[in-house]
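None of the figures in this text is laboratory data; all of them are computed from the coordinates on show. These numbers were taken from a predicted model, which means no experiment stands behind them. Quick reminder, even Gly has a Cβ in these numbers, built from the backbone with ideal geometry, and neighbours come from all protein chains shown.
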Amino acid sequence: MDLRVGNGYDIHRLVPGRPLILGGQTLEHPAGLGLDGHSDADVLVHALMDALLGALSLGDIGKYFPPTDPKWKGADSLVLLEQVMGLVRERGWRVVNVDTVVIAERPKLKPHIESMRAAIAARMGLEPDQVGVKATTNEKLGAEGREEGISSQAVALLYKP
Ligand code: MG
């Protein structure tokens, strides 16, 4: 059985006047901040897509959904994730599992983890137990710690039956 692993990373700025969407869920930030970006700026799903593309050396999401293209303005990242899964499947690959972590000081993500996993799994055609979503603060260190942004990292393991 052929196996491939990929990793992904993304960070978006926290700004006033934008929604905070993580794992397809709209959350409330205690300071009213949201993530800036051309699409819905779902940093978790962006890192995940790059992990999937990376596993097959297909480039990164900027290649498929360039921020210069007005078509992707405000795009629902879960819809983009479905398209990335299409690229994976049409090449004959399947997902063993994916794992992700979100680095954010606030809000508390724990109450939303299960709904994020369910939403991501549904769009990927997976079971929730194939989708890891974890959250950590940055102990007030660095950009995430100062709430200048939220970042995410992801890995994906693929197999070819
Ligand atoms: Mg991004």
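Using only helices, what value at 222 nm comes out for the chain when you add -39,500 (n - 2.57) per DSSP H run of length 4 or more and divide by the total residues, to the nearest 500 deg cm²/dmol?
Calculated at 222 nm, the ellipticity per residue is -8500 deg cm²/dmol.
Return the tail of the calculated pair distribution for the stretch 2-160, meaning the percent of Cα-Cα pairs more than 22 Å apart. Don't skip to the answer; put the middle values down first.
Details: 4542 of 12561 pairs.
Tail of the P(r) past 22 Å holds 36 percent of the pairs.
Quick one: net charge of residue 138's neighbours, Cβ under 12 Å, K/R +1, D/E -1?
The answer is -2.
Report the number of Lys pairs in the chain whose alpha-carbons are under 21 Å apart, with separation of 8 or more residues or on distinct chains.
For the chain, the number of qualifying lysine pairs is 6.
Looking at the square roots a ≥ b ≥ c of the eigenvalues of the Cα gyration tensor of the stretch 33-109, which shape do they give, rounded for a/c under 1.5, prolate if a/b is larger than b/c, or oblate?
oblate
Tally Lys/Arg at +1 and Asp/Glu at -1 over every other residue whose Cβ is under 11 Å from the Cβ of residue 19; what's the total?
-3
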